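Here you go, one structure.
No lab work stands behind these numbers, since they all come straight from the coordinates. Everything numeric here is computed off the predicted structure, so don't read it as measured data. No Cβ is skipped: glycine too gets one built from the backbone with ideal geometry, and neighbour counts run over all protein chains shown.
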Amino acid sequence: MGVDLAAFNPWSALAGGLLIGTAVAMLALVNGRIAGISGIAGGLLHPQAGQWSWRAAFLAGLVGAPLAYSRLAGVPAVRIDASTLQLVLAGLLVGIGTRYGSGCTSGHGVCGVARASPRSIAATIAFMGAGMVTVFVLRHVVQA
Amino acid sequence: MSRAVVRIAAALLAGLVFGSGLIVSGMANPAKVLGFLDVAGNWNPTLAFVMVGALLVAAPALALAGRRSRSYAGADMQLPARGPVDRAVVIGGLVFGVGWGLAGFCPGPAFVAAGAGVGKALVFVAAMGCGMAVVELWRRRPVPGRAVA
């Protein structure tokens, strides 16, 4: 128990959050669309006329962000402890859950909560709760 | 420049800004996300601060967007209804949450880490695409008495 102060920088966290909020604002005000990553990606799987290119462009920006960012500053390394099998299972569950539940951390957690949408608040409580229980079981029950 | 080009350029830029936000905040790193979900361990509050920062900008912007009938680039507004809670949104959220806790990746950070060339993130994104396709195919399944879309 306790707070991991060594790995926590409130200012970079807030700054990153402001950037994410700015991206949400751009997509809503210029494109009239919600910046929900799972919805944008899932929408590529059932293309409708005129709805493909903006989705592909947004995802290209997301995927290209590390390259663009590396021109300005160093991209911090990522640490993935999960095994390949774990990643495959996790990916399947995230893909199924976000499409069945119509949203993920961005669509429900940021956009939906920002609009005080009851279903998004419920979804956010559900995925955060399930995520916390899963990590608790993995780190404190299975490996204890 | 035509409005269609403006919209595609804006979407590309929004993706870049969104991804940069994930990088700056450390949310593209599953270790930090799992640190937030590990409430019984050495808790890392980063994700909560990222959400507060995002909400500070997103809330007024979406309130403004909600009052418009067309976007500034002339697009129709497709902001999902602030609907009531239903079973799918809760079950979907729970399933997503288990996967999130297993690896520390949700869709946005996974795309960013894949773009950084992290092999394991590519594996996750491929599996996630399969999971999304499963729901897509399931929704298109022929149901007796229902016209096939």
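Helix-only mean residue ellipticity at 222 nm, the protein assembly as shown, DSSP H runs n ≥ 4 weighted -39,500 (n - 2.57), per residue, nearest 500. What is it?
After summing the helix terms and dividing by residue count, I get -20000 deg cm²/dmol.
Could you tell me the calculated FRET efficiency between residue B:140 and residue A:51, based on Cβ-Cβ distance and R0 = 22 angstrom, to the nearest 0.05?
Rounded to the nearest 0.05, the efficiency is 0.85.
Moving to a separate point now. What are the ³J(HN,Hα) couplings of segment A:85-95, residue after residue, when phi is run through the Karplus curve with 6.51, -1.76, 1.60 and θ = phi - 60°? Round to Hz, x for glycine and proline.
Listing the rounded values in order: 4, 4, 5, 5, 4, 4, x, 4, 5, 5, x Hz.
Please work out the Cα center distance from segment A:72-137 to segment B:21-42, rounded to the nearest Å.
Between the Cα centres of segment A:72-137 and segment B:21-42 lies a distance of 12 Å.
Here's something else I'd like to know. Only four residue types carry charge here, +1 at the Cβ of Lys and Arg and -1 at the Cβ of Asp and Glu. Report the dipole size of segment A:8-142 about the Cα centre in Debye, rounded to the nearest 20.
Values: 8 positive and 1 negative charges, 29 e Å.
About 140 debye.
Calculate the dipole size of segment B:68-149 relative to its Cα centre from +1 charges on Lys and Arg beta carbons and -1 charges on Asp and Glu beta carbons; express the result in debye to the nearest 20.
220
Then there's this: Using a Gaussian network for chain A with springs between C-alpha atoms less than 10 Å apart, which of these wobbles most: A:47, A:118, A:76?
Greatest mean-square fluctuation among the candidates belongs to A:76.
Counting Lys +1, Arg +1, Asp -1, Glu -1, what net charge surrounds residue B:83 among other residues with beta carbon under 12 Å of its beta carbon?
+2
Answer rounded, prolate or oblate for segment A:1-129, using the Cα gyration tensor with square roots of eigenvalues a ≥ b ≥ c: rounded when a/c is under 1.5, else prolate when a/b is larger than b/c, else oblate.
Rounded shape, in that the Cα axes give a/c under 1.5.
Now a separate question. Kyte-Doolittle mean at least -1.0 and Cα extent at least 30 Å along the axis: which DSSP H helices of chain B qualify?
Correct list, ordered by number: B:3-25, B:119-139.
Report the far tail of the P(r) of chain B, meaning the percent of Cα-Cα pairs longer than 22 Å.
Numbers: 6486 of 11026 pairs.
When all Cα pairs of chain B are counted, 59 percent exceed 22 Å.
Right, next: Would segment B:1-68 count as rounded, prolate or oblate if I go by the C-alpha gyration tensor, calling it rounded below 1.5 in a/c and otherwise prolate when a/b exceeds b/c, oblate otherwise?
oblate
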